[in-house]
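Take a look at the structure set out below.
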Amino acid sequence: MKTKEELIAFEDQVAALFNAGKIRAPVHLYAGNEAALIDVFKDVRPADWVFCSWRSHYQCLLKGVPEQQVLDEIMAGRSISLCFPEHRIYSSAIVGGVLPIAVGAAMALQRSGERAMVHCFVGDMTAETGIAHESIKYSRNHKLPIRFIVEDNAKSVCTDTREAWNQPRLSFEDVCDDYVHYYRYTTHYPHAGAGVRVQF
Ligand SMILES: Cc1ncc(C[n+]2csc(CCOP(=O)(O)OP(=O)(O)O)c2C)c(N)n1
Ligand SMILES: [Mg+2]
């Protein structure tokens, strides 16, 4: 498995390429959550499915996609929706869009009896949407082989998630059970890009 240092070096490289104008499409970088993600991936096996959002470089690397293959896709402008079906990892840039797909994949696993599970990553704002609540409720009640990893960076683009909902405590804050795994992190990157060129 990739180390914290290797993950940081990869994002630093992508940041430098983006700021130099070599990547002509949005990138969404992680920082500050390396240890938390490595911990999450201790429970992810090769046969498992991983579903992500627009921010998925670390998950691809930790799922075992070769570094050069991830970089090639990013350079080709596909950072925002990285999909490597042969490694069972799928991403979508639509807020909440990936959740019902992840639930469907978990249903398929349950019906087929295959020994694998689904790990679905959701940002703090995504976790507050109706579709997230429905997906998590349905998964719990039907005991689907899925867990939702709620990643709290306190922001939705530039909006403070707690302020937006007038809710000092998020719906899944500190929840850690079979279906929801919450963690918080502080990033030094903006929502998209790496701080020098176009900001969204
Ligand atoms: C349906 C939809 N609405 C709006 C957007 C624009 N958008 C992209 S990321 C994002 C913020 C989501 O915040 P959060 O779930 O906390 O994830 P983070 O980027 O912080 O990891 C928004 C509103 C989108 N991609 N899709
Ligand atoms: Mg967020």
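The value of relative contact order for segment 62-200, using C-alpha pairs under 8 Å at least six residues apart, is 17 percent.
Per residue, the solvent-accessible area of segment 104-200 (1.4 Å probe, heavy atoms of protein chains only, all protein chains present) comes to 53 Å². Charge dipole (Cα centre; +1 on Lys/Arg Cβ, -1 on Asp/Glu Cβ; no other charges) of the chain amounts to roughly 400 debye.
Quick check on segment 4-184: take the gyration tensor over C-alpha atoms, sort the square-rooted eigenvalues as a ≥ b ≥ c, and tell me if it's rounded (a/c under 1.5), prolate or oblate. Because a/c hits 1.5 or more and a/b fails to exceed b/c, segment 4-184 counts as oblate. FRET efficiency for the GLN110 to SER171 pair, using the beta carbon distance and R₀ = 30 Å, is estimated at 0.75. Given the pairs LYS4/LYS42; LYS4/LYS63; LYS2/LYS155; LYS2/LYS42, which span a C-alpha to C-alpha distance of over 22 angstrom in this model? With Cα atoms farther than 22 Å apart: LYS2/LYS155. Taking amide hydrogens as placed 1.01 Å from N in the peptide plane, the amide H of SER156 sits under 5 Å from those of THR161, each at least 5 positions away in sequence or on another chain.
Within the chain, the whole DSSP H helices whose Cα atoms reach 20 Å or more along their own axis and whose mean Kyte-Doolittle score is at least 0.0 are 4-19, 98-112. Taking the 1.4 Å solvent-accessible surface of the chain as the whole, the part contributed by carbon and sulfur is 54%.
Amide H to amide H distances under 5 Å link VAL175 with TYR182, where only residues 5 or more positions off or on other chains count and H is placed in the peptide plane.
The values are calculated or read from the model by the stated rules, or taken from the named source; none is laboratory data. Computed from a predicted model, the values in this text were never measured in an experiment. Quick reminder, even Gly has a Cβ in these numbers, built from the backbone with ideal geometry, and neighbours come from all protein chains shown. All accessible areas refer to the heavy atoms of the entire protein, side chains included, with ligands and DNA or RNA removed. Shrake-Rupley method; radii C 1.70, N 1.55, O 1.52, S 1.80 Å.
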